[in-house]
Structures are given as C-alpha cells and as structure tokens.
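A short worksheet on the structure shown next.
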Amino acid sequence: MKEAGDWRAIAREEMRFFGDVSAAISHEINNRIAVISEKAGLLEDLATMLAQGKTVDPDRLGEQSRKIVEQVRLARHIVRNFNRFAHSVDDEQATVEVAELLEFVVELYARKAAMANATLSVSKSSQAVTITASPFVLETVVGRGLDIALASIGDGGRLTIAAESADGAVRVSYSGLDGVTEPIEVSAGAQGLPALLEWLGAHFSSEADGTTLVLEIPDRECRQQGRTG
C-alpha cells in the first residue's frame, strides 16, 4: 500500500500538470485575443477614414474581417480543447484510443513545442491500440514524456510519437532525438512523476542510441485491433 506522502506527491504532480497545460492554453487564447484586438482597431481606423470622406479600399475591409473570423475560429478550437482537457478528469476508468489521446496531447503542447523550436507529430498505425485507464492520468504521463523529450531534442528537431501494444502493455515511443549527444535523463521532470509512474506500474526507458524515449504502461485490458476508418 502506498504511503500518504506518495499519494500527496501524485496529487501534486497531477495538479502541476493541469496548471502547466492550463497556463499554456491561456497564453494561446490571449494571443488570439491580441490579434483580434489589433484587427478590430484597424477596422475602426478604416471606418473613421470613411466617415471623414476618405477613400478606403474595400478589399482592406474584407481582408481584416476575414482575419478576425479566422482568429475567432482558432480561439474556439482552443477553448474546445481546454473544455475536453478539463473534463478528462471526470472518468477514473475509460477505454481510451491511444493514438487519439496522443494527437490531443500534442495539440495541448503546441505552445511548448513552438518555444522549443520543435515540430511534433503522431504516427498512426493500421492497428488501433486501446487501454483502460484514467484519461487524465494518461495525458499526464504522456505529457511528461513530451517534456522530457523536448528537453532532449536539438533546436529545430522533429519529434514523432507513436503507440503500439506489446505483451499486455501500451508502448509509447518518442522518436527523433537524434540531436542528443548525452544519454537521455529519463528521471527528469516534475517531482511527483516517479510516484505516479510507480502507481501505474509504468516506466520510461531510452534506446541505446539515445534517439528514442519509450514510455511503457501495463494494462490487463490492453488490446490492438485493425482500424475501421
């Protein structure tokens, strides 16, 4: 049985992860608002020019309006992701399609990837891998794997994430760390990560050449099947 201190460490880690992602999302929303504010200000200037009888190119009005609409679309997408992320804590156990979860976490990490000047992508195989677990806990450990990988990738690197089932477990690989000249520090990350991994029975490892980080999560109900779409 885990000690109370271990559970506190796990809870702190989960809260820290939730805070990290929430802060990144709020930055993205603020960026969209800033652009909308800038374009709205320009439209106001153009409207003032028209009121003063000055000639204004109609195409400029249309262009700025379209840019505002696009920023609103992006903001709504970010908010939808935030809402999905917030509700991922609702289910203690759910059947999760791992590749879809990876794609979602990659979207949540868009800002962190941009700050690291890295490109993230998900490689989906023809075999759909599912696991029964807490969606939020999975997002947390997958996200912390991204933190470790982003800290180990070279400037301008391309990181590819993939999932497969192997011996009753899900194996998530973070490949593309060919800019690394030293062994990957798999213990890097937030303080509560070791306790969380121990609770899941999961662990990080790195391939001998240092190009791939691997997260392995055991699951009795882990299964792999052909995709239908």
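Annotation note: of ALA75, ALA34, the sole residue that is hydrophobic (A, V, I, L, M, F, W, C), open to solvent by 40 Å² or more (accessible area, probe 1.4 Å) and farther than 24 Å from SER134 by Cα is ALA34. Filtering GLU107, GLU70 for residues that are charged (D, E, K, R) and under 22 Å from LEU138 (Cβ atoms) leaves a single hit, GLU107.
Here the condition is being within 22 Å of VAL21 (Cβ to Cβ), open to solvent by less than 50 Å² (accessible area, probe 1.4 Å) and modelled with pLDDT under 90; of ALA151, ALA163, ALA195, ALA202, it holds for ALA195 alone.
The requirement of being open to solvent by less than 60 Å² (accessible area, probe 1.4 Å) and touching a Phe, Trp or Tyr at 6+ places or on another chain (Cβ under 9 Å) is fulfilled somewhere in segment 7-15, by at least one residue.
Of the residues in segment 63-70, none is at pLDDT below 90, loosely packed, with under 14 Cβ neighbours inside 10 Å and in a helix (DSSP H, G or I).
Would you check if there is a residue in segment 47-60 being surrounded by fewer than 15 Cβ atoms within 10 Å (Cβ to Cβ) and in contact (Cβ under 8 Å) with a residue 12 or more places away in the chain? Looking for residues that are surrounded by fewer than 15 Cβ atoms within 10 Å (Cβ to Cβ) and in contact (Cβ under 8 Å) with a residue 12 or more places away in the chain, one finds at least one in segment 47-60, hence yes.
The values are calculated or read from the model by the stated rules, or taken from the named source; none is laboratory data. Note that this is a predicted model, so its numbers are computed, not measured. FYI the Cβ positions are ideal-geometry reconstructions off the backbone, even for glycines, and counts take in every protein chain you see. Each accessible area value is taken on the protein alone, full model and side chains, heavy atoms only, with ligands, DNA and RNA left out. Shrake-Rupley method; radii C 1.70, N 1.55, O 1.52, S 1.80 Å.
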